[in-house]
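Student: I am attaching a structure below and will ask some questions about it afterwards.
The values are calculated or read from the model by the stated rules, or taken from the named source; none is laboratory data. Keep in mind that what you see is a predicted model, and the values were worked out from it rather than measured. Quick reminder, even Gly has a Cβ in these numbers, built from the backbone with ideal geometry, and neighbours come from all protein chains shown. These area figures cover heavy atoms from the full protein model, side chains too; ligands, DNA and RNA do not enter into them. Shrake-Rupley method; radii C 1.70, N 1.55, O 1.52, S 1.80 Å.
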Amino acid sequence: MAQAALPGFRDFYPEQFAERAHVMGIWRDVARRFAFVEYDGPPLEPLDLYTKKSGDEIVGQLYNFTDKGGREVALRPEMTPTLARMAAARANALRKPVRWFSVPQLFRYERQQRGRLREHFQLNVDILGEADVTADAELLAVAIEIMRACGLSSSDVRARVSDRRLLRAMLAALGVSDEQTPAVFGVIDKLDRQPRDVSREKLAALGMTPDSIDGLLALMGDVTLDEIERQFGGSPEVQTLLADFRRYFGCLEGLDVLDWVTIDLKIVRGLAYYTGIVFELFDAKGELRAICGGGRYDNLLQSLGGVDMPALGFGMGDVVLAELLRDRGLLPERSEGPQVWIATESPSTSHAVRRAATALRRNGVSVEYALRDQQLMKQVKAAKAANASFVLTLHDPADDNVTTRHSWNPAPPPEWDRLLADADL
RNA sequence: GUGGCUGUAGCUCAAUCGGUUAGAGCACCGGUCUGUGGCACCGGGGGUUGCGGGUUCAAUUCCCGUCAGUCACCCCA
């Protein structure tokens, strides 16, 4: 067998490329409708851009090597550090809020599974310089409008949102100390993936009392803000955060995406740098990995770029989204064919075929024709096989039975006939 | 990185208990059809059965290793 692509890397044949272009086209279209502008950075970065904040253990998941100049480098595994560097370099000059998006190809050295490769394209949408929840709502609306633009509905995809600050304040009210909070977040993150008894034991081991564990777990299913308020209304901090959260939902209602959204305090996101509202998008059947995840990371630019600026963003990979759309029949079946296929009755008109093709092509029409002499039926079949929209047949002028020089099937836009009339066939 | 399952043509799958030259459909190429849209018929190319080793008179079939895919962990973009 011929040499295959490396594990976790993909060849994009035209059919797959059409799918990729379809998804990326929607990403860019929706991002622009929300007035985000596109940027990009280098796919190869200094290794310490990623190890500085995440620690050396992340190196195991990076494509890293020493370049010929002796520099430790890595293929980018995520876009946020690059964004932080770029934004920090021009922090004072940028008009706030910054609304940027990018579609980088990202790399991670991990054993692959369905929906998880060693390379993928990921839409990154970020807002910098706005601390209010109005920005959080705007961000989530972008992600949801992309789902809508893909042809999905709120019964296909659910957005689950949480607020890390709120959860932290609730834990504090339950007597969990600041030092324990990250570990408790870790248990909450795994709540759906491990038995409740195991979670209880782990929480107990972290020093939580049975009563506070019960109180916490009771809120980890479907909850409303009112229930949270009933239980934690005594905490002024929770009150303040709940008010923000309510305004957030008010914004989502105004953006007409509220019916996609569910509160789920189990969503804490693995990454430690999230500080506020976080969210994930899942297929409603729960068959696939998360489609999208993001949230607020107000301290990250400070630690990575040295500029104190509130920030939030999400990443949406192409792999899981394409899987979902393929399952739902929402991807283009085949790559687009030429608009026009020009067939000819006899080799005597082959010169006219090229003239006609050129006249149409110079006016923006995509045109293909047979590169070798073939019978007309063969050409028509080739046109069909190529998925051409129109067949233009040039007739043999020596044939007394024909009255026109050419014919169309089906009828073309009138201007195409004018182009042919002006052309010197 | 750990463990389970699976590898036959580009795709979907056959091949009796281990037994002749590994077959079929789709796809692709050529031909017939004097013709204007996926028809029909004829023909063709395409396989070191993932790769390597072992057992055997004989391996697609049994065993081991390896590579790849996949699932669960791990981790999460």
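Student: Name the most mobile residue of A:R71, A:R200, A:R361, meaning the one with the largest mean-square fluctuation, in a Gaussian network model of chain A with Cα contacts below 10 Å.
Tutor: Comparing A:R71, A:R200, A:R361 in a Gaussian network model of chain A, the most mobile one is A:R361.
Student: Next up: Given contacts defined as C-alpha pairs under 8 Å and at least six residues apart, what's the relative contact order of segment A:340-422, whole-number percent? Before the final figure, lay out the partial values.
Tutor: Values: 105 pairs, mean separation 30.8, N = 83.
Relative contact order here is 37 percent.
Student: Can you give the helix-only mean residue ellipticity at 222 nm for chain A, where every DSSP H stretch with n ≥ 4 adds -39500 (n - 2.57) and the sum goes over all residues, rounded to the nearest 500 deg cm²/dmol?
Tutor: On the way: 15 runs with 166 residues, N = 425.
Helices in chain A give a 222 nm mean residue ellipticity of -12000 deg cm²/dmol.
Student: Further, regarding this structure: With a bin width of 10 angstrom, please list the P(r) values of segment A:14-327 as percents of all Cα-Cα pairs, from the 0 bin to the one holding the largest distance.
Tutor: Going from the shortest bin to the longest, the percentages are 5, 25, 34, 26, 9, 1, 0.
Student: Taking the mean number of other Cβ atoms within 10 Å as a proxy for protection, how do you rank A:302-308, A:119-125, A:145-151 from highest to lowest?
Tutor: On the way: A:302-308: 15.9, A:119-125: 21.3, A:145-151: 19.7.
Top to bottom by mean Cβ count within 10 Å: A:119-125, A:145-151, A:302-308.
Student: A follow-up question, please. Could you tell me which of rounded, prolate or oblate describes segment A:350-425, using a ≥ b ≥ c as the square roots of the eigenvalues of the alpha-carbon gyration tensor, with rounded for a/c under 1.5 and, failing that, prolate when a/b is larger than b/c and oblate otherwise?
Tutor: rounded
Student: Continuing with the same structure: Using the Cα centre of segment A:337-425 as origin and beta-carbon charges of +1 (Lys, Arg) and -1 (Asp, Glu), tell me which of A:S350, A:Q379, A:S366 is placed farthest towards the positive end of the dipole.
Tutor: A:S366
Student: Per residue, what accessible area does segment A:144-301 have, given a 1.4 Å probe and all protein chains present, in Å²? Don't skip to the answer; put the middle values down first.
Tutor: Values: 6860 Å² over 158 residues.
Per residue, segment A:144-301 has an accessible area of 43 Å².
Student: Normalise the Cα radius of gyration of segment A:333-391 by 2.2 N^0.38 Å (N = residues in it) and let me know the number.
Tutor: 1.08
Student: If you put +1 on each Lys and Arg Cβ and -1 on each Asp and Glu Cβ, how big is the dipole of chain A around its Cα centre, in Debye rounded to 20?
Tutor: In total the dipole reaches around 840 debye.
Student: Relative to the Cα centre, what is the charge dipole magnitude of segment A:340-422, using +1 at the beta carbon of each Lys and Arg, -1 at the beta carbon of each Asp and Glu, and rounding to the nearest 20 debye?
Tutor: So the dipole magnitude of segment A:340-422 works out to roughly 360 debye.
Student: A further question follows. Angle, helix A:14-33 long axis vs. longest principal axis of chain A, Cα atoms, 0 to 90°, nearest 10?
Tutor: 60 degrees
Student: Here's a follow-up. Tell me, what is the percent relative contact order of chain A, built from C-alpha pairs under 8 Å that lie six or more residues apart?
Tutor: Reported relative contact order: 17 percent.
Student: Let me ask something additional. Can you tell me the dipole magnitude for segment A:15-99 around its Cα centre, using point charges on the Cβ only (Lys, Arg +1; Asp, Glu -1), in Debye to the nearest 20?
Tutor: Its charge dipole is roughly 620 debye.
Student: For A:I213, what is the net charge nearby, where nearby means another residue's Cβ is under 14 Å from its Cβ and Lys, Arg count +1, Asp, Glu -1? Spell out each step's value before the answer.
Tutor: Values: positive: A:R196, A:R200, A:K202; negative: A:D197, A:E201, A:D211, A:D214.
With Lys, Arg at +1 and Asp, Glu at -1, the net is -1.
Student: Separate question: Keeping the other protein chains in place, figure out the carbon and sulfur percent of the accessible area of segment A:14-327, with a 1.4 Å probe. Mind showing how you got there, number by number?
Tutor: Details: 6890 of 13980 Å².
In segment A:14-327, the share of accessible area belonging to carbon and sulfur is 49 percent.
Student: So what is log10(I(q)/I(0)) for segment A:279-425 at q = 0.11, 0.12, 0.13, 0.14 1/Å, when the Debye sum runs over its Cα atoms only?
Tutor: Reported log10 I(q)/I(0), two decimals: -0.61, -0.65, -0.68, -0.73.
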